[in-house]
1. Could you say whether any residue in segment 9-27 is assigned to a helix (DSSP H, G or I) and under 14 Å from the mean Cα position of the chain (by Cα)?
2. Checking the condition touching a helix residue (DSSP H, G or I) at 6+ places or on another chain (Cβ under 9 Å), in contact (Cβ under 8 Å) with a residue 24 or more places away in the chain and within 11 Å of A101 (Cβ to Cβ), which residue from L65, L41 passes?
Amino acid sequence: MNAPPYTPVVRAGDWIVVSGQIGLGPDGLAPTMADQLRQALANLVDRLGEQGATVADVVKTTVFLVTMDDYDEMNRVYLETFTGTPPARSAVAVAGLPLGALVEVEAWAFVGAD
């Protein structure tokens, strides 16, 4: 398989931008939306860690859902990772996602001085 035409995580000065993460783990795509979201968020945490950041640094996320029927469950699972005051977020429905994923999450993190 060829490398994708994007970079999974980029640092731009005080900002870290994490490309959309899907629920793809070592055993493939997780079976349910909730499991996919947990894996996607774990992948996001890993990408942030590669740049020395954590979810506490995240100020904005975008969640892409194949169906808004999953919105309430997505909120419950999302808050397992984003505890306390969650970042600003958009959630949008899309016609499809890579590899048949049901959910994808991208994030912006600020790691500069306040």
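1. Just the residues of segment 9-27 that are assigned to a helix (DSSP H, G or I), to begin with: none.
Taking every residue of segment 9-27 in turn, none turns out to be assigned to a helix (DSSP H, G or I) and under 14 Å from the mean Cα position of the chain (by Cα).
2. Numbers: L41 fails: within 11 Å of A101 (Cβ to Cβ).
Every option except L65 fails the conditions.
Bear in mind these aren't lab numbers, they're just calculated from the coordinates by the rules spelled out. Everything quoted here is computed from the prediction, not taken from an experiment. Note that we place each Cβ from the backbone using ideal geometry, even for glycine, and neighbour counts take in every protein chain shown.
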